[in-house]
Amino acid sequence: MPYRDLQRIVEGLSRHIDAGPVATRVPAREIRRHLGQSFDLASPMALDEVFAKVTRMLDRWQVQVTHPRYFGLFNPSVTTASVIADTLVAAYNPQLAAWSHAPAANEIERFVLRAIADRLGLDGESTASHFTSGGAEANLTALIAALAHTFPSWRQEGLRSLPAAPCIYLSQEGHHSFHKAARVSGLGGSAVATIPVDDGGRMSPAALADAVAADRRAGHAPLMVVATAGTTGCGAIDPLNDIAAFCHHQKLWLHIDAAWAGAAALSPRLRHHLAGIDRADSLTFDAHKWLAVPMGAGMFFCRHSEALRTAFGQRTPYMPAPGGAHTEDPYSRSLQWSRRFIGLKLFVTLAEAGFPGVIERIESQARLGDELRRLLTAKGWQVANETPLPVVCFTRRGVDVRKLVRQLHHRQIAWMSPIRIGGGELLMRACITGHRTTVQDLEAVVAAMDGLV
């Protein structure tokens, strides 16, 4: 297979994106009109023409999240190796639901997941793990696993068999996918208790203890605590060890949502900030957020494999027989049935760079976050959050944040977003997750902002 040809195409496209605009503003009606005028699905079109038109649309009408000056959500620039891996997956199209249908693919995923688990301080051999479409699926899986583990009757009898209403505890800065998970699972949105945070956006253990005690007095059934390692808004890391000790004492399932900052646990320089991550009952970690692979590549880790089998185990007459000793069919221990070969893009990224190369990218971006704080402070901006992660929330007296964000986008200077931490004042938010971002990019953006205010 001509990998070098694919490599040249991917690297050429990356250079093209880097040199172009980062932001876009387009009404939906313009795109819909263009599609109607450009494509007649009733008749065939040459493939060259199809790709040319689609490429032009993607050039013009999307935020370029792999651009070096995209400082928005957790959508990193991706490695060439991972893009080629995704192409290979699409061409072979393996079905990972049954081990016997894709033994090589299943074992590659098993291999890379165990390597990651070991680096997180978990026991890769005994920890159950699988790839997911992303953090929302992994977080829903955690809730279902906690129900299966805590309430044995739930599998057959459902929520009506539970002795009391289960409760989930999440910080005010935690991810909103848990509210959706509570509704999808049938618990309802009121099952989620939001716990106050301190000035740094971290969950208050004292407030958590008060909430659990109050729910027990009210006759409810506290079920799980969600600690966040790297909040979306400001990069706050909850006090994981304190929360883990509380959950152990109270016999509560501890889920750690490390969808973004889980990567920091791979770094010798950053790992101590996530002390306690290895004490989780379950863990979410997205490779597509800070490990530079294309979406979606979520990962779910769980100490209690029997909970996953209880929750998702199923045998059917039409599925192939199990692969034999020491194998397990992924569909029988996860939410997904049809399963794409998600793990190859992470595997080839790690195989090409090794953990040292991946760690250097992570630490380099953390250093860029420190450099951005230094540049902003030197120009009179006030940094409003404290985190070792490369997400920087900042403001300056008299600045109209929404106006400045619009100017940055309109002038193609950078893509940032407005944010409030704990209901406070509106701030600028810049998050660095692209490995092609440089100090020169930061200097240029800060200088341009200084000229706009």
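Here, each number is a calculation from the coordinates, and none is a lab measurement. Keep in mind that what you see is a predicted model, and the values were worked out from it rather than measured. Here Cβ is always computed from backbone atoms with ideal geometry, including for glycine, and neighbour counts include all displayed protein chains.
Structural remarks
- Each of Ala378 and Ser364 was given a label point 7 Å from its Cα along the Cα-to-Cβ line. The distance between the two points is 2.1 nm.
- Residues with amide H under 5 Å from that of Arg436, placed H, sequence gap 5 or more: Ser77
- Neighbour net charge for Pro294 - beta-carbon separation under 9 angstrom, K R +1, D E -1: 0
- Under 5 Å between amide hydrogens, built in the peptide plane, is the criterion, and for Ser171 it picks out Ile195 among residues at least 5 positions away or on other chains.
- According to the Cα-based calculation, Rg over Rh for the stretch 1-125 is 1.06, with Rh computed by the Kirkwood formula.
- DSSP beta bridge pairing in the chain, given as percent antiparallel to the nearest 5: 55 percent
- Whole-number D in µm²/s for the chain (Stokes-Einstein; Kirkwood sum over Cα pairs; 25 °C, 0.890 mPa s): 104 µm²/s
- If you take all other residues with their beta carbon under 11 Å from the beta carbon of Thr438, and give Lys and Arg +1 and Asp and Glu -1, the sum is -2.
- Inter-label distance, Ala104 to Lys180: 3.5 nm, where each label sits 7 Å from its Cα along the C-beta direction.
- Length gained when the stretch Glu125-Ser338 is fully extended (0.36 nm per residue, less Cα-Cα span): 74.2 nm
- Label zone at Asp118, where the point sits 7 Å out along the Cα-to-Cβ direction: the stretch 271-292 residues whose backbone N lies under 18 Å: 278
- About the Cα centre, charge dipole magnitude for the chain (Lys/Arg +1, Asp/Glu -1 at Cβ), debye: 1000 debye
- Intensity falloff of the stretch 83-136 expressed as log10 I(q)/I(0), Debye formula with alpha-carbon point scatterers, at q = 0.19, 0.31 Å⁻¹: -0.78, -1.18
- Between Glu443 and Arg60, the modelled label-to-label distance comes to 3.6 nm, taking each label 7 Å out from Cα in the direction of the beta carbon.
- Set of the stretch 336-367 residues, backbone N closer than 17 Å to the point 7 Å along the Cα-Cβ line of Arg269: 355-367
- Antiparallel bridge percentage (DSSP; both residues within the stretch 87-347; nearest 5): 40 percent
- Think of the chain as a dipole: +1 on every Lys or Arg Cβ, -1 on every Asp or Glu Cβ, centred on the Cα centre; then among Gly189, Leu426, Thr132, Leu426 lies furthest on the positive end.
- The stretch 1-38 and the stretch 377-406 have Cα centres spaced 31 Å apart.
- The gain in end-to-end length when the Gln407 to Ser190 segment is fully stretched comes to 74.1 nm, 0.36 nm per residue minus the alpha carbon separation.
- A convex hull fitted around the alpha carbon atoms of the stretch 79-178 yields 176 Å³ per residue.
- Long-range amide H partners of Met299 with built H, under 5 Å: Thr132, Phe285, Asp286, Ala287
- For the stretch 87-347, the Cα gyration tensor yields ellipsoid semi-axes of 30, 23, 15 Å (square root of five times each eigenvalue, largest first, whole Å).
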